[in-house]
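What follows is a set of notes on a single structure, which appears directly below.
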Amino acid sequence: MTVVALPEKLKAKDFATDQEIRWCPGCGDYAIVKAVRNALAELEVSKENTVFVSGIGCAARLPYYMATYGFHTIHGRAPAIATGIKLANPELDVWIATGDGDSLSIGGNHLLHVLRRNVNLQILLFNNEIYGLTKGQYSPTSRLGTHSPSTPLGSVERPVSAAAFALGAGAQFVARSIDTLQTHLPKMLVRAHDHRGASFVEIFQNCIVYNDGVFSDFTAKDVAAERQIHLEHGKPMFFGADSSKGIRFNAEKFELEVVEVGTGGIEEKDLLVHDETNRSLAGMLAAMESPGFPTALGVLFCRPAPTYEQAVGEQIEKAKASNKKRDLNAVLHHGYTWSIDSEHHIDTPAK
Amino acid sequence: MEGPAAPAQAEVPRKALDAVVIRFAGDSGDGIQLTGGQFAQATALAGNDLQTFPDFPAEIRAPTGTKFGVSAFQINFSAKPTRTSGDEPDVLVALNPAALAVNLDELTPGGLVIVDAGTFSARNLEKAGYTSNPLEDGSLAKYRKLAIDISKMTLAAVENQKLSQKEALRCKNMWTLGLVFWLYGRRRKSTTDWLEAHFKHKPELAAANIAALNAGHAFGETAELSNDIGAYQVPSAELPVGTYRNITGTEALAWGLVTGTHLAKIKMVFCSYPITPASGLLHSLARLKEYDVVTFQAEDEIAAACAAIGASYAGSLGVTSSSGPGIALKTEAIGLAIATELPIVIVNSQRAGPSTGLPTKTEQSDLYQAVFGRNADSPLVVLAANSPSDCFEVAIEAVRLATKYMTPVIILSDSYIANASEPWHIPAIDQFAHFPVRFLTDKATCKPFARDTQTLARPWIKPGTPNMEHRIGGLEKDYDTGHISYDAENHQRMTNLRFGKIDGVANDIPLQDVEQGAITGKLAVVGWGSTFGPISHAVSNARADGIEVSHIHLRHIWPLPHNLGGLLAGFEQVLVPEMNHGQLVTLLRSQYLSHAESLSKVTGKPFTVHEIEDEIRLRMEA
């Protein structure tokens, strides 16, 4: 009798490579790579079946630090390359590591289409609201008035919201977390992986060199409870240090509002209950901004739908089933042909 | 049998001709391309050799009756092997005044012009820029004229079919085709078969079109046309024994790519973004899903190139296709494929530029772009197809070189080749040698950038292979380990290696041969791509008159064949006709310090035979 030895369960450290990490000391990316390794260990995925694909930027260096297959490509194009990978081999487990410049500026078009097509992969958008690797220019998510080498008087462009963009592009899974939330972030990565289809995770990431503390209005320890709301499907939307606040839908104004539970006759039943299958609600939650609102974290939206590569594969299987012989010679001979014999007699073969 | 409604082929004395060039022209909504295609089919079945040239406007439906809305289709058919779509037409079929105005100048003096007189209204004449009616003012005096009210004849022919006036008039191309079929003794069966299949679900349209076709044919038989119009016969050409079909460059490329990946035992992922004149390749391949072809209409040209790279990375062969402007967008991605040494095939169906240029007109002005058009030192392989049918073998060769050398390969086609058609002696798939790709799976040798000592190709390792996990990317890699390296000496070594690998492909391609003429002499005409036909004819015409001239035609543009420099040096003069401002000629001069000289043409139309022949005679008789 042969006993098949089960492979030893991989630990987070097994997903580390021997390459020296080249991010700045104190960069939020260290926390993210740690969370990613933890998530992979928890998911018990195999190294050989996992592929990290990235474009250009600080975030895009992540594949070098993962002991899986990895492809560091060109600026903004990771979603397109990942789509090609999934078309060639849908069984591969593909993750995209990208930044706000990479996927909302130069690669905005590809992000739109990979989400719309619902290719089964995970997209981790490291949003630090700045261009790091090119030394600190404002990015498409930078807030109005951001001072940078290219905007010495402050930026005059209104920023794009990554989560709202993803929802608008038709993403079927949108989640949010913060680099330093080492319990929450791996959970979001696991949820993203469990979802079949294009899963979009926006990670608020601190750039210690060019944009330090840009998210501290809601990530700093002393304000976190008041400025973050952690969404859970089916649960009422409480937040605040003693869970005394909540989110209510004001039907008259057709907007969300922050309320104090227990004052003015407001009870728990008046609060919104999170329904992660509701795209309209997700859109409103994504649009909540501090200081007026807490920042929504967790799974904003999740509604599984058929994946792109599945539909492509089904069409191919159907075509194969309808043409079992698959003789290439038949392709060359289809339609009108004629033959010429040694007496130069021309004949049209019957089809 | 022609069909129940068709009268038997009348026995008329037919004048034999060696070759005829007919140009069908009309409004872009008149179905000219379809008419030409059907005439080509019937002509091929009559055993002639032929080549066709569709020439259509960029607008899908330009305003009716305007000159810029004229669509044309030219066919050259012959009792002898033919390699061009002909210079000046012998017959011009003009379905409206604008078609006559645009094309008449090119009709050979004494040629036959067939017009639909029913369209020569004051309004249509004005739209075509005529101040008087050319049918009446003597401007057709130097031609033979057959002016028929085809519109009226067509309406009469289909009146039993209960069609609207508009639908009924749409059949006039078939009436015209019926008449031209009669003039050249063509059988109608291939067209009636096609109409029945095409209008399977609209039998009334099939019946109307067949009725119009038969009526046009009957008109020829019974109208007692004057002697100078007459009936003709072009004897069949002596073609080798075998099975034939008409094929366009687009079809040949599609089938060549499928055959190439079949021989390589690999799946193809074809990624493209629509662009004229390259879209046809996407359409052709999208219908071949059962042959392990995945087609992907990407969101843009860049995504198409990148998805192809992703597919190759994952172990399929990624192929992308476009025309010049789209290839420009792909160049950064092509650089990534060069840096990561992944195989991809890039098809460029060239069109006239720069920028949007003349989207439906032909040119071969992307040779520089193919050979040199990327940032940094980034060599790759470039091949050029010389005719529609040649695309089949060129595509197979591209797949072979890409997978063997782990490199991008560019195939240069052009608008002419993509759309033109010619009879093709259909090969048996078994006659081609297999070249199965090998994926590295042996952990002991897992060095992603270790190399085959002969080809200098790196191994192909598919994600999903256990214990072979590794990272690749566009950053420079260490020669030995494949890890990121910013080392100065290493970059020099890797740059040299990338050039060495592509240079080495020259050891794997045939030496350059001479198509016609001696291997040394006074004059060699050197071409590439779709100039093959006119150069070939021009050289054989000159040689028939005793002029010693040779024809050399390149398939391998980069790397060039080893013996090419020596071959060119053996001629006193080297003439390079190109549909560009002089690109191959510059390449030859820079590579070999050659004395090659340019014959340039950039009108959006192929060279005529006499343009090249005149230049040969000028040089040799001076």
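Odds and ends about this structure:
- From the options B:Thr362, B:Thr356, residue that is in a loop (DSSP other than H, G, I, E, B), without any contact (Cβ under 8 Å) to a residue 40 or more places away in the chain, of a type in the set (Val, Ile, Thr) and more than 14 Å from chain A (Cβ to nearest Cβ): B:Thr356
- In the range B:197-237, the residues that are without any contact (Cβ under 8 Å) to a residue 12 or more places away in the chain and in a loop (DSSP other than H, G, I, E, B): B:Phe199, B:Lys200, B:His201, B:Lys202, B:Ala223, B:Glu224, B:Ser226, B:Asn227
- Qualifying residue in the range B:245-252 (condition: part of a helix (DSSP H, G or I), modelled with pLDDT of 95 or more and within 11 Å of chain A (Cβ to nearest Cβ)): yes
- Exactly one residue among B:Leu511, B:Leu456, B:Leu497 is modelled with pLDDT of 95 or more, more than 12 Å from every other protein chain (Cβ to nearest Cβ) and touching a Pro at 6+ places or on another chain (Cβ under 7 Å), and that residue is B:Leu511.
- Within the range A:260-276, the residues that satisfy the criterion of being within 22 Å of A:Val299 (Cα to Cα) and over 31 Å from the mean Cα position of the chain (by Cα) are A:Glu268, A:Lys269, A:Asp270.
- Within the range B:397-426, residues that are farther than 28 Å from B:Arg245 by Cα reach partners that are surrounded by fewer than 24 Cβ atoms within 10 Å (Cβ to Cβ) and of a type in the set (Ser, Thr, Tyr) with beta carbons closer than 6 Å, at six or more positions or on different chains, in the pairs B:Tyr405/B:Thr455.
- Yes/no for A:Glu267 being more than 10 Å from every other protein chain (Cβ to nearest Cβ), loosely packed, with under 14 Cβ neighbours inside 10 Å and not aliphatic (A, V, I, L, M): yes
- Annotation: of all residues in the range A:55-72 being more than 8 Å from every other protein chain (Cβ to nearest Cβ) and either small (Gly, Ala, Ser) or without any contact (Cβ under 8 Å) to a residue 24 or more places away in the chain (or both), the one that is nearest to A:Lys34 (Cα to Cα) is A:Ala59.
- Among helices (runs of 4 or more DSSP H) entirely within the range A:273-334, having at least 3 residues that are away from chain B (no Cβ under 14 Å) and under 29 Å from A:Ala80 (Cα atoms) singles out A:279-286.
- Helices (runs of 4 or more DSSP H) (entirely within the range B:22-137) containing at least 2 residues that are free of Cβ contacts under 8 Å to residues at least 24 places away in the same chain: B:122-127
- Residue match in the range A:73-90 (condition: part of a helix (DSSP H, G or I), β-branched (Val, Ile, Thr) and more than 9 Å from chain B (Cβ to nearest Cβ)): no
- Residue check: B:Pro448 meets all listed conditions (1) within 14 Å of another protein chain (Cβ to nearest Cβ); (2) at pLDDT 95 or above; (3) assigned to a loop (DSSP other than H, G, I, E, B) but one, namely (2).
Yes/no matrix, rows are residues, columns are (1) surrounded by fewer than 14 Cβ atoms within 10 Å (Cβ to Cβ); (2) touching a helix residue (DSSP H, G or I) at 6+ places or on another chain (Cβ under 7 Å); (3) under 24 Å from B:Gly260 (Cα atoms):
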| position | (1), (2), (3) |
| --- | --- |
| A:Leu281 | no, no, no |
| A:Met284 | no, no, no |
| A:Thr307 | no, no, no |
| A:Lys318 | yes, no, yes |
| A:Asn323 | no, yes, yes |
| A:Val331 | no, yes, yes |
| A:His345 | yes, no, no |
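- Hits in the range A:9-18 (condition: within 14 Å of chain B (Cβ to nearest Cβ) and surrounded by 15 or more Cβ atoms within 10 Å (Cβ to Cβ)): A:Leu10, A:Phe15, A:Ala16, A:Thr17
- Qualifying residue in the range B:524-545 (condition: among the aromatic types (Phe, Trp, Tyr), part of a loop (DSSP other than H, G, I, E, B) and touching a helix residue (DSSP H, G or I) at 6+ places or on another chain (Cβ under 9 Å)): no
- Among the numbered conditions (1) surrounded by fewer than 24 Cβ atoms within 10 Å (Cβ to Cβ); (2) touching a residue at least 60 places away in the same chain (Cβ under 8 Å), the only one that A:Asp29 does not meet is (1).
- Index of the failed condition, B:Asp442 passing every other in (1) more than 11 Å from chain A (Cβ to nearest Cβ); (2) touching a residue at least 24 places away in the same chain (Cβ under 8 Å): (2)
- Matching residues, the range A:140-184, being among the aliphatic types (A, V, I, L, M) and either under 16 Å from A:His195 (Cβ atoms) or surrounded by 22 or more Cβ atoms within 10 Å (Cβ to Cβ) (or both): A:Ala162, A:Ala163, A:Ala166, A:Leu167, A:Ala169, A:Ala171, A:Val174, A:Ala175, A:Ile178
- Subset of the range B:156-196 that is touching a Cys at 6+ places or on another chain (Cβ under 9 Å) and in a loop (DSSP other than H, G, I, E, B) - its residue that is farthest from B:Ala94 (Cα to Cα): B:Leu163
- Selection from the range B:401-442 of residues that are closer than 17 Å to B:Val505 by Cβ, in a helix (DSSP H, G or I) and touching a strand residue (DSSP E or B) at 6+ places or on another chain (Cβ under 9 Å): B:Leu401, B:Ala402, B:Thr403, B:Tyr405
- The residues of the range B:403-427 include none that are over 18 Å from B:Leu50 (Cα atoms) and modelled with pLDDT under 95.
- Residue in the range B:447-456 that is crowded, with 16+ Cβ neighbours inside 10 Å, in contact with a helix residue (DSSP H, G or I) (Cβ under 7 Å, 6 or more places away or on another chain) and charged (D, E, K, R) present: no
- Residues satisfying the stated conditions in the range B:580-622, i.e. touching a Phe, Trp or Tyr at 6+ places or on another chain (Cβ under 7 Å) and in contact (Cβ under 8 Å) with a residue 60 or more places away in the chain: B:Gln583, B:Leu584, B:Pro606
- Counted residues, the range A:224-244 - those being modelled with pLDDT under 95 and closer than 27 Å to A:Pro140 by Cα: 0
- Residue within the range B:117-133 that is at pLDDT 95 or above, buried (at least 23 other Cβ atoms within 10 Å of the Cβ) and not basic (Lys, Arg) present: yes
- The residues in the range A:193-226 that are touching a Leu at 6+ places or on another chain (Cβ under 8 Å) and either among the small types (Gly, Ala, Ser) or under 14 Å from A:Gly28 (Cα atoms) (or both) can be counted, and the count is 4.
- The set of residues in the range B:562-621 that are in contact with a helix residue (DSSP H, G or I) (Cβ under 9 Å, 6 or more places away or on another chain) and among the basic types (Lys, Arg) comprises B:Lys601, B:Lys605, B:Arg617.
The values are calculated or read from the model by the stated rules, or taken from the named source; none is laboratory data. In this text, all values refer to a predicted model and were calculated from it rather than measured experimentally. Here the Cβ is made from the backbone with ideal geometry for all residues, glycine too, and neighbour counts use every protein chain on show.
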